[in-house]
Amino acid sequence: MTKIGIIIGSTRPGRNAEAVARWVHEVAAERTDAEFELVDLLDYKLPLLDEAYPPSMGNYTQPHTQAWAEKIASFDGYVIVTPEYNRAVPGALKNAIDFLYAEWNNKSVGFVSYGGVGGTRAVEHLRGIAGELQLADVRSQVALSLFTDFENFSTFTPADIQRDTLATTLDQVVAWADALAPLRAA
């Protein structure tokens with residue numbers, strides 16, 4: 001069965017990312033075409049990149065890197081839930097992505113973002129990063145507005161249309177994960 005990791009891309013206290021990711025997981029759990037698992041960056045306690053060798057070498061020496069690599073390698077694709085901080089991706093998420101290389105290759109990725117303009121600028125950064133990591137980013141994206149999909153900018157109350165957009169995003173992530181399976185097997 002295809003396995004998709006739903007990555008909670010913020011470690012900030014009081015973050016909205018956890019509620020959004022749990023919503024993604026609840027919707028995804030209704031599907032029968034893949035297994036979905038929440039992956040919280042907080043559980044991995046990754047410091048600023050502290051590996052001596054480039055990730056492309058795969059020579060991970062730190063226990064936290066090895067645990068992170070094992071988790072990320074276990075998936076066929078990902079949905080990254082990200083806020084937008086200062087028109088970009090959160091530092092903790094970028095750092096976590098940068099720890100690894102081969103574990104990301106030939107897999108699919110979709111994005112669920114939020115912010116003042118739906119987190120779209122953070123996702124534009126992530127799309128460029130995905131290309132370098134040989135991740136196939138899907139076209140559909142859930143862009144949640146802090147003004148319309150949250151009450152008081154903190155209580156997550158997604159508009160009904162967001163569920164439809166999420167379904168399309170999940171369809172694409174699963175389809176691309178399956179399509180890329182021969183490359184991962186090679």
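None of the figures in this text is laboratory data; all of them are computed from the coordinates on show. The shown structure was predicted, so the numbers you read here are calculated from the model rather than taken from an experiment. Because the Cβ atoms are built from the backbone with ideal geometry, glycine has one as well, and the counts that use them run over all protein chains shown.
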| note | Residues whose modelled amide H sits under 5 Å from the amide H of Val39, counting only those 5 or more places away in sequence or on another chain, are Ile6, Ile7, Ile8
| Under Karplus coefficients 6.51, -1.76 and 1.60, residue-wise ³J(HN,Hα) of the range 141-153 in Hz, glycine/proline x | 8, 8, 10, 8, 8, 4, 7, 10, 10, 9, 9, 6, 6
| query | Which percentage, to the nearest 5, of the DSSP beta bridges contained in the chain is antiparallel? | reply | 10 percent
| query | When you count, for each residue, the other Cβ atoms within 10 Å and take the mean per peptide, how do 128-137, 84-93, 2-11 rank with the highest first? | reply | 2-11, 84-93, 128-137
| task | Pop out the ³J(HN,Hα) list for the range 63-73 in order, Karplus 6.51 cos²θ - 1.76 cosθ + 1.60 with θ = phi - 60°, rounded to Hz; leave Gly and Pro as x. | result | x, 5, 5, 4, 5, 5, 4, 4, 5, 5, 5
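For the range 3-185, please report how many Lys pairs fall under 17 Å Cα to Cα, leaving out neighbours fewer than 8 apart on the same chain. Kindly include the intermediate steps, with their values, before the conclusion.
Values: Lys3/Lys71; Lys3/Lys107; Lys45/Lys71; Lys45/Lys94; Lys71/Lys94; Lys71/Lys107.
Taking the range 3-185 as the scope, the lysine pair count is 6.
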| query | Using θ = phi - 60° and the Karplus curve 6.51 cos²θ - 1.76 cosθ + 1.60, what whole-Hz ³J(HN,Hα) does each residue of the range 15-32 get, with Gly and Pro shown as x? | reply | 4, 8, 4, 5, 5, 5, 5, 5, 4, 4, 5, 4, 5, 5, 5, 6, 7, 10
| request: Report the local net charge at Pro63: Lys and Arg +1, Asp and Glu -1, summed over other residues whose C-beta lies under 12 Å from its C-beta. | output: -2
| Placed amide H near Thr2: partners under 5 Å, 5+ positions off or other chain | Glu35
